[in-house]
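The values are calculated or read from the model by the stated rules, or taken from the named source; none is laboratory data. For clarity, every value in this text was computed on a predicted model and none was experimentally measured. Neighbour counts are summed over all protein chains in view; Cβ atoms, including those assigned to glycine, are modelled from backbone coordinates with ideal geometry.
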Amino acid sequence: MSMINIQDVTFSYTGKRLILKDINLTVEQGEWVAILGHNGSGKSTLAKLLVGLLEPKSGTIAIDGVLLTPDTLYEERKKIGIVFQNPDNQFVGVSVRDDIAFGMENLNVPREEMLEKIQFYAEKVGMSDLLEKEPSTLSGGQKQRVAIAGILAMQTKIMIFDEATSMLDPTSRNELMSYISTLHDEGITIIMITHDMEEALYADRLVVLKEGAIFEDAAKAILLRKPERFREARLDLPMALKIQSGLSKTDEKEKRVRDFLWEFVSAK
Amino acid sequence: MGIRFREVSYHYPQNHLQFHQAIEKISFQVSAKGEFIALVGHTGSGKSTLAQHMNALIFPTEGSVEIFGHSVTRKRNRKIRYNDLRKHVGLVFQFPEYQLFEETVEKDIIFGPLNYKVPLDEAKTIALKTLAQVGLDESYLNRNPFNLSGGEKKRVSIAGILALDPDILVLDEPTSGLDPEGKRVLMDLFQSIQFETDKTIVIITHDMDLVYQYTSRVLVMNQGKLVFDGTPEKLFRTAPLTEYQLSMPETIKVLQAINERLGLSIDIYQKTAEAAIQAIKEAVRQ
């Protein structure tokens, strides 16, 4: 049974222009999928559909074998954690502590366990000194870390990161990426929505959206061999591949560097 | 002229709900013309607090900030018209939503000039001009800013500040959330504004690639202190980046990896993929 099964999904806000058209996508348990696309390609809309914040105009979405309907939505949402780009959109509590607790409260986590988890995940994101602060007064990057702790504490089967690193400094970003790797190792299904190619290299599979439709869907190692497809989708190539594309295929010495660069992007 | 920080410290009041990093004894200056500066540092390092001093949105607890000849200190000086200082230094916030509030793009852009007593006709001409400067055509004038895409909103909020014709433009994370193309377009825009008008531009960013490619000076904040002020070259060659919680630009990372693995001695300090390719070609010939 697939963890996520999207069939023939279309979506539009106004009824006129389709934001998403004919989306078919199946994600198995434990996969790490990067969903890539230019601004306005529909990738964030897709994330909102997955967590039931929006409803498809047509088509179906099943999470862990259960179709999303108004009746099942409440239960199914507990299986998915989502971290948004702008954490201001996801704060509800009056303190950092409350905010990390919020998701767990909905899951009826016992109080003792909840307190332990708040401490554990706050430390994980480096916010344990600021538990009593009011979230609306933190810096952008700090807010994002609180939001991430709250979602991590819910220990959901699926984690969606919707451009979640775009406001983080390089160190926090590396820390988050390595933490996501740990989640992946534990069998959590990871959906990472991004337009950062360096970040996408961590995924096993790349899904490229262009103008609301799926433009490419393939294993990372396969798709990276088709650099023109990224350009056509208005995306950048990872730096190592940009450099590789300028080196000679025939010159023995340059070819050695080419081969290494290939290894470099595949190994992440 | 320009901005001069003299031993500036800022502490939030004890019972203040806000947690922002205080800043400690910061001294540096920014010229009124021709600089392209990146202000970098970990989240909560005090970058935004520092930036807000640049146009007297907040006042130093100790020390002084001289903004175009007027000394801003802890005590408000009745002789200084702070709004006039803000005309010299324009601040664009990180989230355009916090800055845009009118029902049309035109109204949003003319709001600033009208506030400074610019006649309506003239303000409208300015709006058209600054909209073009940020790469949007006049069809945007009557659109609702809230229906625009993230990148378009950013441009409109920048046009609103450009309409005041500040000497110095300070932008808080202008490229975050934009796709690679959007980033490039916006950075090229800043570069051309700077080239054409000789305004000084200060950007707050976490993107080391942009710092390296576009800017000529970097200020690094670390736990409330200004720990580095120099060229990007010097930063990446000599500064303790890990301690500052920064990283190398991608070009340098990739070239470093090649050197380590293949035992080459490529000059790793290259700003673009094209330059990196040339450096590799030269190194393998030797």
**Complete:** Per the filter on segment A:5-30, residues assigned to a strand (DSSP E or B) and among the polar types (S, T, N, Q) are A:Asn5, A:Gln7, A:Thr10, A:Asn24, A:Thr26
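Quick grid of which residues meet (1) of a type outside the set (A, V, I, L, M, F, W, C); (2) closer than 17 Å to A:Gly37 by Cβ; (3) more than 8 Å from every other protein chain (Cβ to nearest Cβ); (4) in contact with a His (Cβ under 7 Å, 6 or more places away or on another chain):
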| position | (1), (2), (3), (4) |
| --- | --- |
| A:Leu223 | no, yes, yes, no |
| A:Pro227 | yes, yes, yes, no |
| A:Leu235 | no, yes, no, yes |
| A:Gln244 | yes, no, yes, no |
| A:Lys249 | yes, no, yes, no |
| A:Glu254 | yes, no, no, no |
| A:Phe260 | no, no, no, no |
| A:Val265 | no, no, yes, no |
**Request:** Test B:Glu233 against the criterion of being part of a helix (DSSP H, G or I), facing chain A (nearest Cβ under 9 Å), surrounded by fewer than 19 Cβ atoms within 10 Å (Cβ to Cβ) and among the acidic types (Asp, Glu), and give yes or no.
**Result:** no
**Prompt:** Is at least one residue of segment A:184-196 free of Cβ contacts under 8 Å to residues at least 40 places away in the same chain and away from chain B (no Cβ under 14 Å)?
**Reply:** yes
**Asked** So which residues in segment A:210-221 are among the small types (Gly, Ala, Ser) and either touching a residue at least 24 places away in the same chain (Cβ under 8 Å) or within 11 Å of chain B (Cβ to nearest Cβ) (or both), if there are any at all?
**Response** A:Gly212, A:Ala213, A:Ala221
**Prompt:** Quick check: anything in segment B:207-228 among the β-branched types (Val, Ile, Thr), in contact with a Pro (Cβ under 6 Å, 6 or more places away or on another chain), part of a strand (DSSP E or B) and within 22 Å of A:Met167 (Cα to Cα)?
**Reply:** yes
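Quick check on this structure: which one of B:Leu164, B:Leu169 is within 16 Å of B:Val92 (Cα to Cα), away from every other protein chain (no Cβ under 14 Å), surrounded by fewer than 23 Cβ atoms within 10 Å (Cβ to Cβ) and of a type in the set (A, V, I, L, M)? Explain how you work it out, then say what you get.
Details: B:Leu169 fails: surrounded by fewer than 23 Cβ atoms within 10 Å (Cβ to Cβ).
On inspection, the qualifying residue turns out to be B:Leu164.
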**Asked** Taking segment B:84-98 as the region of interest, how many residues are more than 14 Å from every other protein chain (Cβ to nearest Cβ) and either among the charged types (D, E, K, R) or farther than 16 Å from B:Ala51 by Cα (or both)?
**Response** 3
**Prompt:** Can you name the condition, by its number, that A:Ala153 falls short on among (1) without any contact (Cβ under 8 Å) to a residue 12 or more places away in the chain; (2) away from every other protein chain (no Cβ under 14 Å)?
**Reply:** (1)
**Request:** Mind counting the residues in segment A:246-265 that are surrounded by 13 or more Cβ atoms within 10 Å (Cβ to Cβ) and among the polar types (S, T, N, Q)?
**Result:** 1
**Item:** Yes/no for A:Pro135 being surrounded by 17 or more Cβ atoms within 10 Å (Cβ to Cβ), over 28 Å from A:Gly30 (Cα atoms), at pLDDT below 85 and out of contact with any strand residue (DSSP E or B) (no Cβ under 9 Å at 6 or more places or on another chain)
**Value:** yes
**Asked** What do you reckon, is B:Glu152 without any contact (Cβ under 8 Å) to a residue 24 or more places away in the chain and either crowded, with 21+ Cβ neighbours inside 10 Å or part of a loop (DSSP other than H, G, I, E, B) (or both)?
**Response** yes
